[in-house]
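Down below is the structure, laid out as structure tokens.
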Amino acid sequence: MNVLVTIGAVVLGILLLWLFHRLFFRLFGIVIVPEDKIGLVTKKFVLFGAHKQLPDGRIIAVNGEAGYQARPLAPGVYFWMWFWQYSIKLEPFTVIPEGKIGLIVAKDGAELETGRILARRVDCDAYQDAEGFIRNGGRKGRQTAYLTAGTYRINTYLFDIIVSDMTYIGENMVGIITTLDGNPIEEGAIAGKHVDGHNNFQNSDAFLDKGGNKGLQPQVILAGSYNLNPWFIQVEEIEMTEIPIGHVGVVISFVGQEGVDVSGTEFRHGNIVSKGQKGVWAEPLGPGKYPVNRYIQRIELVPTTNLVLNWAQARTEAHQLDKNLSTITVRSRDGFPFNLDVSQIIHIPSTEAPKVIARFGNMLNLVTQVLEPTIGNYFRNSAQEADVISFLSSRRERQDSAKQHISRVLDQYNVYAVDTLIGDIVPPESLMKTLTDRKIAEEQKVTFETQRQAQETRQNLEKETAIADIQGEIVKADQGVMIAKRIADASVEKANGEAQSVKIAANAEAQRTTVVAGAEAERTKLLANAEAEKVRALANAEAEKITVTGNAEAEKILAVGKSNAEAYRLQVDSMGGESFVRLKITEAIGANNIKVIPDVLVSGGGDSASGPLAGLLGLKLMEDMGKRGDTAPGV
């Protein structure tokens, strides 16, 4: 409890001391301004003097009038600042941080000039001398000048300070400048005139003093940090213009003085001017990066290497100039429509690039206005002069002819035609099927002929191989033929039939060996012929033998018959014909055991031996003898 009372007493004492201090200093007109502040003075009234009241429209007093005083109190001790006449407001210094700028708005001063949006800079110690600002003709409103990073004693009764960021332009970027104040742009121009000496637009007053125009500026700022007043300058950051290797950049300038055409009298398709003038510059930009203001200049890239353009449905080069080109459809003389792909290679020398751009404006126009109609019409006309088959077969000649024709046309446009190439040709499907079938038939014919020749070659090879394999047998067979021939000759000498048989057998053996070398079938045939000849020869020999034997036997039988006949004749002559017959009958009965008398005898009567019984017996005996072949020849 005692501690709380003590603390309360101490606080109360301090408070009373502070009040006494304030009342004492104010009572005697003493003001102390700390070192980190300024004192803003308000004068409540003026008892004596000529300047008792501020002029109309003014809020800051510079001649001791009642009101906000222009001159603030700097850090220090001041006397006679009676509290009933003066009001002192302590304000901290104005601090602008690094990377920032302070934009200034003046609450008092002269009126702005007609047509201006910013007040010009006056000598006022960076706006720390408010009295000097008013006396030197400072104007109210937004100021062209600004405060950079630092600490300032600013009378905030007169000036409002707005902290804003500095302007940063990144690497490989360009700042396009548009000013919001200045003289109007000249009639017919799209950008202000070129002005120097304003430190990259950081000194707005220098720009305006030299007659700079409001609006788009031809100058740009590069990578870096800038103190730019955003009330005066608007910055658009864009990428630098890059011209890749293998290209040049033709500059088309929309600003500058009207230049003299340097293209010569022969070129009548546009003005080509010197660098810095309005028009197409005669000197293109080489590969690299350039800080180009795209609003006042246009850079047209022109390839200086060989450029390939494809008239094909699904093939486009990286440059995209042929993205709208497609396969060319033509119609032949015989009425067939068909498609063909074409590739055109062109080259534009760097010295001719400005002429191409002056004539066409850009590379795409060159493609659409010259290359596309020229190449398309050429191939359509060419196709109508021939039927589909002849067009396909004369592709090389048509390609050479197209190259010459297109080269002549492009020479007129300062473009060099390197080559013209015909790609895919797609004939009608029905015609293609007919051609394919015909070709397949021709190829099959060739294939069959080749296979036949191969088979013949294989047969000859196998035949020769077989002959080589049995060469020894052939030699042996030849020897066998000779031996057989000799044997046959000997056999012929012995017997004509047997000799012929041996000869045929030898020939058959020789033929058999030859046929084995060529083909087994022929061998079989020859063997069959040889066997037939052998059989025939043996048959002839056997027949001859039988003939000779038969003739001999016949002669023998004839001789015996003749002998027997002669004997029978003599016997008949001596015995008589009837007696001889009876004798022979009796001999035959005895020799053959013929039963003459039957077991039962039937007689017709009479005892005469020469009767009917004797006649029957004689007939029976003759019948039996005839069956046994015992009948005597000639009887």
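The values are calculated or read from the model by the stated rules, or taken from the named source; none is laboratory data. Everything numeric here is computed off the predicted structure, so don't read it as measured data. All Cβ positions, glycine included, derive from the backbone under ideal geometry; neighbour counts span all protein chains shown.
Taking every residue in the stretch 179-198 that is farther than 20 Å from ARG120 by Cβ and pairing it with any residue that is of a type in the set (A, V, I, L, M), at least 6 positions away or on another chain, the pairs with Cβ-Cβ distances below 6 Å are ALA191/LEU216; ALA191/VAL255; ALA191/ILE296.
Residues that are in a loop (DSSP other than H, G, I, E, B) and β-branched (Val, Ile, Thr) do occur in the stretch 184-192, at least one of them.
Filtered by the rule that a residue be under 17 Å from ASP205 (Cβ atoms) and in a strand (DSSP E or B), the stretch 141-170 gives GLY141, ARG142, GLN143, THR144, ALA145, TYR146, LEU147. Answer yes if at least one residue in the stretch 437-460 is in contact (Cβ under 8 Å) with a residue 12 or more places away in the chain and either of a type in the set (A, V, I, L, M) or assigned to a helix (DSSP H, G or I) (or both), and no otherwise. Checking the stretch 437-460: not a single residue is in contact (Cβ under 8 Å) with a residue 12 or more places away in the chain and either of a type in the set (A, V, I, L, M) or assigned to a helix (DSSP H, G or I) (or both). No other residue among VAL163, VAL174 is modelled with pLDDT of 95 or more and closer than 20 Å to VAL255 by Cα apart from VAL174. The residue of the stretch 217-247 that is farthest from ILE348 (Cα to Cα), among those that are touching a Gly at 6+ places or on another chain (Cβ under 7 Å) and hydrophobic (A, V, I, L, M, F, W, C), is VAL235. When the test is whether a residue is touching a Pro at 6+ places or on another chain (Cβ under 9 Å) and at pLDDT 95 or above, VAL220 passes it. Of all residues being under 12 Å from ILE328 (Cβ atoms) and among the small types (Gly, Ala, Ser) in the stretch 343-381, which is nearest to the chain's Cα centre (by Cα)? Just the residue, please. Selected residue: SER343.
All told, ILE425 falls short of being hydrophobic (A, V, I, L, M, F, W, C), under 25 Å from the mean Cα position of the chain (by Cα) and within 30 Å of GLY270 (Cβ to Cβ). Do we find a residue being in contact (Cβ under 8 Å) with a residue 60 or more places away in the chain, of a type in the set (Lys, Arg) and buried (at least 17 other Cβ atoms within 10 Å of the Cβ) anywhere in the stretch 352-363? Scanning the stretch 352-363 turns up at least one residue that is in contact (Cβ under 8 Å) with a residue 60 or more places away in the chain, of a type in the set (Lys, Arg) and buried (at least 17 other Cβ atoms within 10 Å of the Cβ).
Across the stretch 393-414, a minimum of one residue is classified as among the acidic types (Asp, Glu), assigned by TED's automatic domain parsing to the domain that holds GLN313 and closer than 26 Å to GLY249 by Cα. Each residue in the stretch 287-309 was checked for being in contact (Cβ under 8 Å) with a residue 60 or more places away in the chain and not β-branched (Val, Ile, Thr), and 10 of them qualify. Taking VAL262, is it assigned to a loop (DSSP other than H, G, I, E, B), within 14 Å of GLU352 (Cα to Cα) and among the β-branched types (Val, Ile, Thr)? Yes: the conditions hold for VAL262.
In the stretch 124-136, the residues that are assigned by TED's automatic domain parsing to the domain that holds ALA70 reach residues that are surrounded by fewer than 18 Cβ atoms within 10 Å (Cβ to Cβ) with C-beta atoms within less than 6 angstrom, at least six apart or across chains, in these pairs: CYS124/GLY132; GLU131/ARG71; ASN136/ASP123. Summed over the stretch 70-123, the residues that are part of a loop (DSSP other than H, G, I, E, B), in contact (Cβ under 8 Å) with a residue 24 or more places away in the chain, more than 30 Å from ILE32 (Cα to Cα) and not β-branched (Val, Ile, Thr) give a count of 9. Inclusion of LYS107 among residues that are closer than 24 Å to GLN69 by Cα and either surrounded by fewer than 21 Cβ atoms within 10 Å (Cβ to Cβ) or within 57 Å of the chain's Cα centre (by Cα) (or both) is warranted. The residues on offer are GLY212, GLY132, GLY141, GLY137, and the sole one that is within 30 Å of VAL255 (Cα to Cα) and not basic (Lys, Arg) is GLY212.
One residue stands out in the stretch 295-328 among those that are over 18 Å from PRO349 (Cβ atoms) and in a strand (DSSP E or B): the one that is farthest from the chain's Cα centre (by Cα), namely GLN297. Please determine, by comparing only the residues of the stretch 208-261 that are more than 44 Å from the chain's Cα centre (by Cα) and aromatic (Phe, Trp, Tyr), which one is surrounded by the fewest Cβ atoms within 10 Å (Cβ to Cβ). Once the filter is applied, the top-ranked residue is TYR226.
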